[in-house]
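Trainee: The structure under discussion is supplied below as C-alpha cells; questions concerning it will follow.
The values are calculated or read from the model by the stated rules, or taken from the named source; none is laboratory data. Predicted model only: the values in this text are computed from it and were never measured. Neighbour counts are summed over all protein chains in view; Cβ atoms, including those assigned to glycine, are modelled from backbone coordinates with ideal geometry. For the accessible areas, the whole protein counts, side chains as well, though only heavy atoms, and no ligand, DNA or RNA atoms are used. Shrake-Rupley method; radii C 1.70, N 1.55, O 1.52, S 1.80 Å.
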Number of protein chains: 2
Amino acid sequence: MKLTLPDAEPEAVGADVVLSALAGAGVDTLFANPGTSEMHLVAALDREPRIRPVLCLFEGVATGAADGYARMAGRPACVLLHLGPGYSNGAANLHNARRAYSPVVSLVGDHAVSHRHLDAPLASDIATLAAASSNWIRTAEEPNDVGLLVQEAVAASMGPPAGPATLILPADCTWAPAPPPPPQRAFASKPHLDAAQVEAAAASIRAARAPLLLLGGKALEEKGLRAAARLAGAGYRIATETFPARQARGTNIIAPDRMKYFGELALADLAPHDLLVLAGAAEPVAFFAYPNAPGSLVPPGCRVLPLVPAGRDSSDALAFLADVLGCGEPPAGGPKLALAEPTGQLTPQSIGISVARHLPSGAIVSDDAVTGSQPVFSATASAARHDWLSLTGGAIGQGIPVGIGAAIAQPGAKVVVLTGDGAGMYTPQSLWTIARENLDVIVVIFANRSYRILDIEYRRTGAGRPGPAAAALLDIGNPALDWVALAKGHGVSAATCSDASSFDALFARAMAQPGPMLIEAVIA
Amino acid sequence: MKLTLPDAEPEAVGADVVLSALAGAGVDTLFANPGTSEMHLVAALDREPRIRPVLCLFEGVATGAADGYARMAGRPACVLLHLGPGYSNGAANLHNARRAYSPVVSLVGDHAVSHRHLDAPLASDIATLAAASSNWIRTAEEPNDVGLLVQEAVAASMGPPAGPATLILPADCTWAPAPPPPPQRAFASKPHLDAAQVEAAAASIRAARAPLLLLGGKALEEKGLRAAARLAGAGYRIATETFPARQARGTNIIAPDRMKYFGELALADLAPHDLLVLAGAAEPVAFFAYPNAPGSLVPPGCRVLPLVPAGRDSSDALAFLADVLGCGEPPAGGPKLALAEPTGQLTPQSIGISVARHLPSGAIVSDDAVTGSQPVFSATASAARHDWLSLTGGAIGQGIPVGIGAAIAQPGAKVVVLTGDGAGMYTPQSLWTIARENLDVIVVIFANRSYRILDIEYRRTGAGRPGPAAAALLDIGNPALDWVALAKGHGVSAATCSDASSFDALFARAMAQPGPMLIEAVIA
C-alpha cells in the first residue's frame, strides 16, 4: 500500500486560517517546538509573513519566552506545542505565566480527530493536562471551527483576568480546507475603575490608623507607579507584592517596599497596619507552610479591602484614589546614585552594585536568581530606568526563557538575566535560542553550587540540620557545573569570574557591546 | 514575630513512615528533585539507610531514570517531585513510563493541608495534572494515612497493568508524628495465563492460513522470547511491537521482525496475514495520522485475537501456546557474527556495525536516536547478549535518563545511550547525574543537526516541500550544538568524530574502560 499524498495545497487549509486569525488578532510571534502533528502549521508559516517563528529546543523555553514576550509587549504571545508531552514540558512556565497574568495562547497539535480513538503512543488527555495552568481550554473538532476558536483563544488570554489560554488543534483540522476566520472584533484590555469602590476605599483609608496600599500586577508599570508616587508623597505607605510580573524601576520611579518573602518577616512588617488595600495584588500568604507558623500574612485585626478584583489593572483606580484623597504631584526623584566600583569577594551585594552602575536606560532584568536576587533588586532601586521581571509562580527555570521573550518584544533593549545555577539548569537549552536569534541578552549565573534556598528552607521547616544524605541533595557542586563550557556548547560566548572587580569589568563590557554573553559569577 | 522551630525530631514523623513503607515494599532508590515542601522527606533520608537518593537537576531526568530503573530492576522505582510544576516537568517521561508499563511511584510534595486554601504562588491542582499519566492517584489528608497510602501506591504501580502511580503528600503529612506503616503484604506481578484462552488461540492459529504472533511488553524479555523461538522454530511468524520497553537480544536470542514505524510499510508487511495474535502488544495503529491514510494497521479481513490482556506478561501464555501447538525446542542460535571495522563516512549504519562489534555481553542499550535508531538495531541482532530499551511513548528526551536508571539498577552492566541531538536537548541535565554518580554510561549523540524525523514527516503529512520558514524550524544546526563542550559543562568527558573508523576506535575504547563518556557522532 502506498501513501497517497495530496497535491501542494492550492486553497487555504485550517493551518492557514489559524495563522491568519492569529495575525489578525495582533499576534506576531510564535515560539515553537513542533512535531509531526503540527507540520501543517509549520508549513503554513511560509504563507503567513506576519508571524515570526522562533524555534526553541525544549517546550519550557518556548512557554517562558512567550511569558516574557507578553509581559514586555503588553499583548498576547503564542506558543506551538506537540501533543500532551509537549504541553507538559511547557507547563511549569505556563504556571508561572498564569501567576503573572500573562496573555499566552498555547496551540497544541493533537492527533487527527479520526485518530484519537486509536490510543496511539503519543496520545493523552491534553485538555485535562492543560486544566491546571489554563484559564481557557477548547479543542477544535472540525476545520470550520479553527478561525473563530483562535480569535476566542486570543481574547480569552487577554481576560480579564489575563492568562494562559489553550487551544488543542487535531492535525486534520489543520490540513483540511477551511473557511477564513470571521472578521476580527476589536478588543483591548483596559484598567479597571469602579469609582464608587475607590471612593469607599478612600473613606476607609482616611478612617484607618495605619493603612497600607499593596500594589501588584499592572499597577507596577509606570502609570500605576506614578499614581502610587502621589499617594506616597501624601504620606500613605505603599508596598508591592513579593514577585511582580513586571515592575518599572530606576530614575524618577518610586521604589516601594517589597513584601518580604519569609512569612515571619512579612508579618512583622505588616503588624502595625490596620487596613490593607489591595491594588492588583492578592491577599498576602506565606509562600510555603511551616510547622507552627501562620499561612495568612494579614495581621490579626487588619482589614483587607480590594481596590480592584485580583488580576485587574488598578492603575486608573490608583490615580483616581490619589485624586479623591487630594494627593498632589510627587516630589521629583533624586539623581542616579554614583556608586564606587566594588572590590573584594564576589557576592550578590557586589553584583547588585555592578548592575546598578552599568545597567543602561531602558534595560530589562529577568530575575530567577532565588537567594541571589534581593541584594541586586535593592541595589538597583536608583539605577537607570529599567523594568524588572520576577519569578511569579515559584517554578524555577523561568529566567532565561523570559529574557528571550523580553528581548524579542523590545529589540532595542538590553536584557539582563539573573539566574541561579540551580534554576538555570531547568532550561539551559534557552541559551541556544539566544545564540540563534542573536538576542541582546546577558545571562548572569549566580554559581553558588547549591540549592542555597533549600539549605535555608531545610532549617526553617524544622527539619533540623542536614545529615550527609540530605546535604548531598542540596549540593549541586559535585561536580561543579562549568557554565562557560555549557554556554559554548549552546553557541554563546562566556566568561567566569570570582571577585567583585572582575565581575564589574565583565558586566560593564557586556553592557557596552551588543549581542549575547554569559557571565558565570562564582559566589561564596 | 519569630518562627518557632520544633526540636530535632525524636519520634517518627510522616516522612519517616513514607520512607520506611517504601523500603518495606522493596523500593531501594529515590530519584529526586526536591523543594521546600519535600524537606522533611529529604531529612528523613538520613534516618533510612535502605533508600539511596539520586539527585537530578531536572524532574524529567528523575522520572526517565525511574522508568529505566524499573525496566531493568523489574521492581518499582520511586521519584520525589516538587508540587505541580515539578510534576509537570517530569510528566513527559512519566507518559513514556506509562506506555512502557513501568512501575514508577511518584511522590509529589504539596503545600500543607492547612495551606492549600490560600492559593500560594506554587499551588496548583496536582491530582488533575497527574491524571493523564498515572494509573493511580491519591492525596494524603493526614499523617495517619501515609504508611498505607505508600504501600497502596507501590502495589498499584505493579498493576496489572503496571504503570505510574502518584501519591500527593502535603507537607504537614510528612512533618507531623505518624504511626508506623501496616505490615507489608506480599505482592508480586506474575505472568498472565488463562489456559482456555490459550487453547482457543491455538485452535485459531491452527485454522488460520497465515497467523502472526505480535509480541510486546514482558514477552520480549528472555523467558518470553525462548517460548517465541519454539513457535518460530515450528514455522509460526513472530513479530514485535515497534517500540518495546525492553527486549532481550543478541547471542542465542531470537530476533523477530519488528513492526515497521511508517504505517504504509507496516500495512504492506501485515497484508498477507489473516490472524493477528496479540501477546502483550497493543493492536497496531499508525504512530501519527496522515491525510488519506488509515489509522489502524490491521489489514482488512484480518482477525485480531489477544492472548492476554494488554499490558500483561504473556511469557507463560506463550510457553503454554508452544506446548499446545506441539512446538519442540528451537535450533541453537548462530555464533556472533564477525564484522569488519567500518570505514568511510560516519552513518547510522556504520555506527550500528561498531556497536555490534564492541558491545560487551550483558550491556544495556537505551535508544532515543529516532531516525538513527533502526540501522543500529538491525546491525546488533547478532551482537553479544544485551537488552534494548526503546522510546515507548514518543516523548523524546527519554534516552539519557533511562540510561541513568538502567545503570543504577544493574551496576555491573555497560550502558550505551543512543540519542539524537534533538532528543538529547530535552534532558541534557542528565549528563550531570551520570558524572555525579560515576555511572558506567556511554552516551552516543547522533548529531545530524536537524529534527531529521520531522523533515521526513513534513513531506509525509502532505505539507509539500519546506519553504524557508518551515525549513528553519526543522534545522537545529544554526548554531551547531557543541556536545563536547556540553558534556564538559556537566562534568562528563567527551570526544567528537565524523568518520566511521574514528567512531569505531572511540566506541571500542569506551566499551573497554569503565565510567562515563560522551561521543558526538557527526553524521550526514
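Trainee: Taking a ≥ b ≥ c as the square roots of the Cα gyration tensor eigenvalues, with a/c under 1.5 meaning rounded and otherwise prolate when a/b beats b/c, else oblate, which class fits region A:400-443?
Mentor: Prolate shape, in that a/c is at least 1.5 and a/b is the bigger ratio.
Trainee: On to the next question. Between region B:350-413 and region A:259-306, what is the separation of their alpha carbon centroids in Å?
Mentor: 54 Å
Trainee: For region B:449-455, take each phi angle, set θ = phi - 60°, evaluate the Karplus expression 6.51 cos²θ - 1.76 cosθ + 1.60, and give the result in whole Hz per residue in order, putting x for glycine and proline.
Mentor: 6, 7, 7, 4, 4, 6, 4
Trainee: Let me ask something else about it. Return one number: the angle in degrees, 0 to 90 and rounded to the nearest 10, between the long axis of the Cα atoms of helix A:146-158 and the longest principal axis of the Cα atoms of chain A.
Mentor: 0 degrees
Trainee: Follow-up. What are the extents of the Cα atoms of region A:268-389 along their three principal axes, in Å, largest first?
Mentor: 47, 45, 25
Trainee: Follow-up question, since we're still on this one. Taking square-rooted eigenvalues a ≥ b ≥ c of the alpha carbon gyration tensor, is region B:319-414 rounded, prolate or oblate, where a/c under 1.5 means rounded and, failing that, a/b exceeding b/c means prolate?
Mentor: The shape class here is oblate.
Trainee: Another one. How many Å³ per residue does the convex hull of the Cα positions in the protein assembly as shown occupy?
Mentor: It is 155 Å³ per residue.
Trainee: Here's a follow-up. Could you give log10 I(q)/I(0) at q = 0.19, 0.21 Å⁻¹ for region B:188-292, computed by the Debye formula over C-alpha point scatterers of equal weight, without solvent?
Mentor: Listed by q, the Debye log ratios stand at -1.03, -1.22.
Trainee: Given the protein chains as shown and a 1.4 Å probe, how many square angstrom of residue B:502 are accessible, to the nearest 10?
Mentor: Counting only protein heavy atoms, residue B:502 exposes about 40 Å² to solvent.
Trainee: Separate question: How large are Rg and Dmax for region A:416-521 when only the alpha carbon atoms are used, in Å?
Mentor: According to the Cα coordinates of region A:416-521, Rg and Dmax are 15.6, 48 Å.
Trainee: Right, here's the next one. Taking a temperature of 25 °C and a viscosity of 0.890 mPa s, what whole-number D in µm²/s does Stokes-Einstein yield for region B:346-475 with Rh from Kirkwood over alpha carbon pairs?
Mentor: Answer, rounded: 160 µm²/s.
Trainee: Could you work out the helix-only [θ] at 222 nm for the protein assembly as shown, with each DSSP H run of four or more residues adding -39,500 (n - 2.57) and the total divided by the number of residues, to the nearest 500 deg cm²/dmol?
Mentor: The helix-only estimate for the protein assembly as shown comes to -10500 deg cm²/dmol at 222 nm.
Trainee: Another question, then. Could you tally the net charge around residue B:208, taking each other residue with its Cβ under 14 Å from the Cβ of residue B:208, Lys/Arg +1 and Asp/Glu -1?
Mentor: Net charge around residue B:208: +3.
Trainee: If you don't mind, another one. Under 8 Å for C-alpha pairs, at least 6 residues apart: give me the relative contact order for region A:354-498, rounded to a whole percent.
Mentor: 22 percent
Trainee: Moving on. Any idea what angle helix B:315-324 forms with the longest principal axis of chain B, computed on alpha-carbon atoms, 0 to 90 degrees, nearest 10?
Mentor: Here the helix axis deviates by roughly 40 degrees.
Trainee: With unit charges on the beta carbon (Lys/Arg positive, Asp/Glu negative), name the residue among B:391, B:161, B:202 whose Cα is farthest towards the positive pole of the charge dipole of chain B.
Mentor: Going by the Cα projections, it comes out as B:202.
Trainee: What's the magnitude of the charge dipole for the protein assembly as shown around its Cα centre, counting Lys and Arg as +1 and Asp and Glu as -1 at the beta-carbon? Answer in Debye, nearest 20.
Mentor: For this selection, approximately 680 debye.
Trainee: Accessible surface of residue A:341 in the full protein assembly, 1.4 angstrom probe, to the nearest 10 Å²?
Mentor: 90 Å²
Trainee: Non-local amide H neighbours of residue A:365 (under 5 Å, H modeled in plane, Pro and chain starts lacking H): which ones?
Mentor: Amide H neighbours of residue A:365: A:387, A:388, A:389, A:416.
Trainee: Diagonalise the Cα gyration tensor of region B:37-129 and give the resulting equivalent ellipsoid semi-axes, square root of 5 times each eigenvalue, largest first, whole Å.
Mentor: 23, 18, 10
Trainee: Please give the contour-minus-distance gain from residue A:204 to residue A:513: 0.36 nm per residue of separation, less the Cα-Cα distance, rounded to one decimal in nm.
Mentor: 106.1 nm
Trainee: Something else now. Quick one: helix A:14-24 against the long Cα principal axis of chain A, what's the angle to the nearest 10°, folded into 0 to 90?
Mentor: Approximately 40 degrees, to the nearest ten.
Trainee: Add +1 for every Lys or Arg and -1 for every Asp or Glu among the other residues with Cβ under 11 Å from the Cβ of residue A:237, and state the total.
Mentor: Once all neighbours under 11 Å are counted, the net charge is -2.
Trainee: Let me ask you something else. Determine the sum of side-chain charges near residue B:181: Lys and Arg each +1, Asp and Glu each -1, restricted to other residues whose C-beta is under 14 angstrom from that of residue B:181.
Mentor: -2
Trainee: Sorted by accessible area with a 1.4 angstrom probe, largest first, how do A:432, B:175 fall?
Mentor: Greatest to least solvent exposure: B:175, A:432.
Trainee: May I pose another question? If you count only protein heavy atoms and use a 1.4 Å probe, how large is the accessible surface of residue A:199, to the nearest 10 Å²?
Mentor: We get 90 Å² for residue A:199.
Trainee: Moving on to the next point. Considering every pair of different Cα atoms, what Kirkwood radius, in Å, is found for chain A?
Mentor: With all distinct Cα pairs of chain A included, I get 24.2 Å.
Trainee: Also, quick follow-up: Summed for both chains, how many Å² of accessible area, to the nearest 100, are buried between B and A with a 1.4 Å probe?
Mentor: Chain pair B/A: roughly 9100 Å² of buried accessible area.
Trainee: Something else about it: Assuming R0 = 45 Å, can you tell me the calculated FRET efficiency for the pair residue B:185 and residue A:117, based on Cβ-Cβ distance, to the nearest 0.05?
Mentor: It comes out at approximately 0.75.
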